[in-house]
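Note sheet for the following structure.
Computed from the coordinates by the stated procedures, all read-outs in this text should not be read as laboratory data. Worth saying up front: this structure is predicted, and the values here are computed from it rather than measured. Using ideal geometry, Cβ is built from the backbone for each residue, glycine included, and neighbour counts are taken over all protein chains shown.
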Amino acid sequence: MLFLVSACGGTTEPDLAPVRTETSVLQMLTGLESALPADDASVSRANPALQWAPAPTTGVLLPSAALVAPDTVRAGEPFTVQIGSIVLSGCWVAGPTAISPSDRTVLLEPSDVYTTDRACIEVLLNISRTVTVTIATPGLATLRVRGRRVEQWTSSESPVTVEKQIVVR
């Protein structure tokens, strides 16, 4: 007959606090350029007031609200701009946006942040952020959002911009 005796003592539980890591990248403004069917409605849903460079084609997914801003604003008064992006999992959250005003153009460069401090699943999501912009001089102005396009199944990326003309009174 075999007897097994075991005893433990003086042990402590390891620190199980989650390890948080973050990576910030320029937002994915259009995504997953792929061979979707020709009846893909994403491009046809694109807001006609927005100018894309390069222009989206069938198979390019667009955020539900890539750039939302008033058509007319008052000079010197702040207004809000909503910027959307597409992310590939729930680990991505909206990050900071660099705002660079010049004479007649405001360049907006939002970033998305990948964080590992949460459980997340692989799913396409639209995320958005709101920024406040002020344009001092009356006239026609351009809001320009710079992002990136990612090709499906590859790590290939290319720059993309979306613009909206607004009237400043």
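The figures follow:
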quantity: Placed amide H near CYS91: partners under 5 Å, 5+ positions off or other chain; calculated: ILE121
quantity: Spin-label pair ALA55/SER156, simplified geometry with 7 Å Cα→Cβ offset, distance in nm; calculated: 2.1 nm
quantity: Calculated FRET value between GLU122 and ILE99, using beta carbons and R₀ = 35 Å, to 0.05; calculated: 0.65
quantity: Phi-based couplings in Hz for segment 88-100 (Karplus 6.51, -1.76, 1.60; Gly and Pro marked x); calculated: 9, 6, x, 6, 8, 10, 5, x, x, 10, 7, 10, 10
quantity: Hydrodynamic radius (Kirkwood) for segment 79-138, which is based on Cα pairs only, to one decimal in Å; calculated: 13.0 Å
quantity: Top positive-direction residue, dipole computed over segment 86-133 with Cβ charges, set LEU107, ILE121, SER89; calculated: LEU107
quantity: Additional length obtainable on full extension of the chain from THR134 to GLN165, 0.36 nm per residue less Cα span; calculated: 9.7 nm
quantity: P(r), alpha carbons of segment 66-169 - 10 Å bins starting at zero, rounded %; calculated: 14, 43, 27, 13, 3
